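Enquirer: I'd like to ask some things about the structure below.
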Amino acid sequence: MKNIVLTGFMGSGKSSVGKLVAKDLNYTFYDMDTVICERAGKTVQQIFDQFGEEYFRDLESEVARDLAKTKLSVIACGGGTVLRPSNIDCLRENGIIFFLDTPIHVIEDRMVLLAGRPLLVGATPIQLRKIFEKRKEFYENNDFSIHTENKKISAVAAEISEIYKAQTGIAVQK
Ligand code: S3P
């Protein structure tokens, strides 16, 4: 059975939604950043500070490859996992890619909650918008795009579960 892979910008709700979907399907939830940090024994900020972004991206690709081999998983990607299309290619081999489409003004409202994201440290609203715009084309690499604006986390999770069940033809016990 295919995994569920969640992509989306920082603050789009990948982890919160992913946990609910995993609970609904009785699947294992993986947060890529958490796996990276466990392996490195460091926070994302420490990895960026000490080794730089490319090193973080290499770790991220390694984790993407490993999680792609798991079964019955819900995988919340990091916001930048899409930057290397090969990450998405391998996650798609045994997964369906759901993009959480969240508009920039919603992300802006959540900026205070996004502490610990090295790319956003000291970022001005203009810089945030630049990153967001640059990312758009990468997020288009998805199987289903889910609008999240004005929806509760539970509603977004339910939408994903329903699509997944319809796609895979499973009737999962609640
Ligand atoms: C990043 C997003 C973060 C984390 C790192 C880089 C990005 O994950 O992987 O700070 O480049 O968008 P979240 O999307 O879970 O915040």
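Enquirer: A 23 angstrom limit on the alpha carbon distance is what I want to check against. Which of Lys19/Lys152; Lys19/Lys71; Lys23/Lys69; Lys2/Lys130; Lys14/Lys134; Lys42/Lys71 exceed it?
Expert: Lys2/Lys130; Lys42/Lys71
Enquirer: Under 8 Å for C-alpha pairs, at least 6 residues apart: give me the relative contact order for the chain, rounded to a whole percent.
Expert: Rounded, it is 35 percent for the chain.
Enquirer: Return the loop-located GluC sites (Glu not before Pro) in the stretch 77-150 (DSSP other than H, G, I, E, B) with at most 15 other Cβ atoms within 10 Å of their own Cβ; answer none if there are none.
Expert: Here the sparse-neighbourhood loop sites are Glu140, Glu149.
Enquirer: Next up: Just the Kirkwood number for the stretch 1-50, please: inverse of mean 1/r across all distinct Cα pairs, in Å, one decimal.
Expert: Hydrodynamic radius (Kirkwood, Cα pairs) of the stretch 1-50 is 12.3 Å.
Enquirer: Mind listing the long-range amide H neighbours of Asp101? Cut-off is under 5 Å, sequence gap 5 or more, other chains count too, H placed in the peptide plane at 1.01 Å from N.
Expert: Ile146, His147, Thr148
Enquirer: Using C-alpha positions alone, give me the convex hull volume of the stretch 3-166 per residue in cubic angstrom.
Expert: 103 Å³
Enquirer: Under a 5 Å amide H to amide H cut-off, with H placed in plane at 1.01 Å, what residues pair with Val74 once short-range neighbours are removed?
Expert: It is Ile4, Thr28, Phe29, Tyr30, by chain and number.
Taken together, the values in this text are just the output of simple stated rules run on the coordinates, not laboratory data. Owing to the predicted nature of the structure, the values given are computational and were not obtained by experimental measurement. A quick note on method: Cβ atoms are made from the backbone with ideal geometry, for glycine too, and the neighbour counts reach across all protein chains shown.
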